[in-house]
Amino acid sequence: MKCENCTKKECSKKQKNDDTQSTSVDPLSSNDGFEEKDEFHTLANAKTLLSDCLACDNCMTSEEGARVFQQNQKELFRILNLNKKCDTSKHKVLVVSICPQSLPYFAAKFNLSVNDAAKRLCGFFKSLGVHYVFDTTIAADFSILESQREFVQRYQRRSQEEHALPMFASACPGWIRYAERVLTNLVTSHICTAKSPQQIMGSLVKGYFARQQNLSPDKIFHVIVAPCYDKKLEALREDFYTALYNSQEVDCVLTSGEIVQIMEQKNVSMKDVTEVAVDSLFDEIKEGDVVRHDGKRSDGYLEHIFKHAAKELFGVDVKEITYKALKNKDFQEVTLEKDGETVLRFAAAYGFRNIQNMVLKLKKGKFLYHFVEVLACPGGCLNGKGQAQTEDGKPDKALLNQMEEVYAAIPVRLPETNMHVQKMYQDWLEGMDSKKVQETLHTKYSAVNQTASNLDIKW
């Protein structure tokens, strides 16, 4: 069977509707002896299908597969129940961080405003025993700011460095996995080194927040609520692991849909949950209204980097960006002209068909773009496979349309205007150009397996 998301001609990835042949693993069957009855014992054991993940089992080692399957609701409950036992040495501070692209799913599904959805979701987690609930928007602030700075630097070095441009966005783990496992270093060398918002949030929680609370990172159990399953794979990367504390920056990723499963199995409705203000990383203050970045269905790397580059490199203050759709709605470009010359050419490429075409052009030397916002999911992050799916695994178009309306209505906040971010650069990261910034907010991407990429496959 040919996989829809990778370049292998034969793939063992199974379809969701092929129940008798679906490859699934019960992550709890070989758990660490956690079988005793507790307040969560009625919850069904969650099973993750390989077809849920954009990276099929041909892209995962058996060890990675086992660790991905361990990231499920029962792992959250295991920590919750350990915290109820008398042995305080095993207690963890439980932190849940929610991605901004997940909130519109809860708002649309339960007919709530996005601010009410955030507060009720926080209230639900607190009712389970979670200590802190954070919004990952601040992590996206850091990621965007670092990506902006890196693009300007790459643009200025373009004549000296062969692989300086184009620059590809690094926020999507499905795209990163594909680039590292299937493509060559010719492509991975173009990927922005800024960490994704998820992993920067991991650094904030296990680094900044842990220090503020006088906690060892291994005493924090950090859960991310995200739109897609590939975030589970991203959390396992070796470069996001601290050997000194035997601790990952993110311990467990649960999709938006998995959170709804918990609610359903506990017979809890979002509308019945008490509203609780979302926590802040800074002392005792609470988060205000939900904000987002520019961009229709994602964190808006293209728009932020484009406007920043136009100002920094050419002195042009761009207020509004005009997208030009090319072959389809998921492949669009944005250009900046000055004195009759196109000086910046950016693109958004969503979905593997568009990514495949983009890579072909790059390899043929016909690539015109300076920057590409690459996302593995058609339609962007709101259309992640961990949310807005029907029972047969297809996109719920009606719900997705509602989610897009909700997301578009959220006020935009420029990352440059976040005073907490500017203060953290100075107080925690020792300045914007420091070695600590590189160690904390950046990583490296390189080809892992340069096997035949079969780029001639027709999608």
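The values are calculated or read from the model by the stated rules, or taken from the named source; none is laboratory data. The model shown is predicted, which means the values in this text are computed figures rather than measured ones. Glycine also receives a Cβ, built like all others from the backbone with ideal geometry; neighbour counts cover every protein chain displayed. Each accessible area value is taken on the protein alone, full model and side chains, heavy atoms only, with ligands, DNA and RNA left out. Shrake-Rupley method; radii C 1.70, N 1.55, O 1.52, S 1.80 Å.
Structure summary
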read-out: Length added when fully stretched, His131-Asn328, from 0.36 nm per residue minus Cα-Cα; value: 66.5 nm
read-out: Flagged links, alpha-carbon separation over 28 Å, of Lys84/Lys206; Lys366/Lys435; Lys119/Lys266; Lys126/Lys231; Lys85/Lys423; value: Lys366/Lys435; Lys85/Lys423
read-out: Rounded FRET efficiency, nearest 0.05, which uses the C-beta distance separating Lys84 from Lys266 and R0 of 22 Å; value: 0.85
read-out: Spacing of the two label points (7 Å from each Cα toward its C-beta) at Val316 and Leu414, in nm; value: 1.7 nm
read-out: Shape of the range 64-125, Cα gyration tensor, a/c cut at 1.5; value: oblate
read-out: Diffusion constant of the range 156-311 at 10 °C, which comes from Stokes-Einstein with the Kirkwood Cα-pair radius and 1.306 mPa s, µm²/s; value: 86 µm²/s
read-out: Stretchable slack from Asn357 to Ala398, in nm (0.36 nm times residue separation minus alpha-carbon distance); value: 11.9 nm
read-out: Carbon and sulfur %, accessible surface of the range 171-313 computed with the full protein complex present, 1.4 Å; value: 45 percent
read-out: Three-way shape call for the range 295-395 based on the alpha-carbon gyration tensor, with the a/c threshold at 1.5; value: oblate
read-out: Distance between modelled label sites at Ser434 and Ile285, nm, 7 Å Cα→Cβ extension; value: 2.0 nm
read-out: Point-to-point label distance, Lys296-Asp239, nm (Cα→Cβ direction, 7 Å offset); value: 3.1 nm
read-out: Contact order relative to length of the range 63-213, as percent, for alpha carbon pairs under 8 angstrom and 6 or more apart; value: 21 percent
